[in-house]
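Undergrad: Following this message is one structure expressed as structure tokens.
The values are calculated or read from the model by the stated rules, or taken from the named source; none is laboratory data. Here the structure is a predicted model, which is why all the values come from computation and not from measurement. Note that each Cβ is placed from the backbone with ideal geometry, even for glycine, and that neighbours are counted across all protein chains shown.
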Amino acid sequence: MSLIKIFKIVSVLEAISFLLLLGVAMPLKYVWDMPEMVRIVGMAHGLLFVLYVFLAYWMYEKLNWPFKTFAIAVLCSILPFGPFYFDKKYLPST
């Protein structure tokens, strides 16, 4: 499996985990006083976020990305739909 394909998979998982954290787990915690989902989804999202940034840096190094592309990848990782945007705009289709 290519590095780009692995990055795309992690990117989608990271984006979905962030959306689940914001759209499901946080309302469960603050509206219905059920904090358990935040611990579970938050841990998964945290691990996927770190893996996403690590893989973005790895691709920056291995594929000779310009620093601007790496910076945009990292910026997109903190926006709810950012990884989807980065995937469509900056990654080649496989």
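Undergrad: Select from the stretch 18-46 the residues that are farther than 26 Å from C76 by Cβ and of a type in the set (D, E, K, R) and list them in ascending order.
TA: Residues satisfying the conditions are D33, E36.
Undergrad: Picking from G82, G23, which residue would you name as being more than 18 Å from I6 (Cα to Cα) and among the small types (G, A, S)?
TA: Going through G82, G23 in turn, the sole match is G23.
Undergrad: Assuming L28 fulfils every condition listed in (1) among the aliphatic types (A, V, I, L, M); (2) more than 19 Å from P92 (Cα to Cα); (3) buried (at least 17 other Cβ atoms within 10 Å of the Cβ); (4) over 13 Å from the mean Cα position of the chain (by Cα) apart from one, which condition is it?
TA: (3)
Undergrad: Only one of these conditions is not met by A71: (1) at pLDDT below 95; (2) small (G, A, S); (3) part of a helix (DSSP H, G or I). Which number is it?
TA: (1)
Undergrad: Then there is this: Exactly one of (1) part of a loop (DSSP other than H, G, I, E, B); (2) modelled with pLDDT of 95 or more; (3) not basic (K, R) is unmet by S93. Its number?
TA: Going through the list (1) part of a loop (DSSP other than H, G, I, E, B); (2) modelled with pLDDT of 95 or more; (3) not basic (K, R), S93 breaks only (2).
Undergrad: Oh, and also: Starting from the stretch 23-38, keep only residues that are under 21 Å from P80 (Cα atoms), then list their pairs with residues that are surrounded by fewer than 11 Cβ atoms within 10 Å (Cβ to Cβ) whose Cβ atoms are within a distance under 9 Å, requiring at least 6 positions of separation or different chains.
TA: From the stretch 23-38, the pairs are A25/E36; L28/E36; K29/E36.
Undergrad: Among the residues of the stretch 47-64, how many are surrounded by fewer than 13 Cβ atoms within 10 Å (Cβ to Cβ) and either within 17 Å of P80 (Cβ to Cβ) or in contact with a Cys (Cβ under 6 Å, 6 or more places away or on another chain) (or both)?
TA: The total comes to 0.
Undergrad: Would you be able to tell me the number of residues in the stretch 46-65 that are on the phi < 0 side of the Ramachandran plot and not in a helix (DSSP H, G or I)?
TA: Of the residues in that region, 2 qualify.
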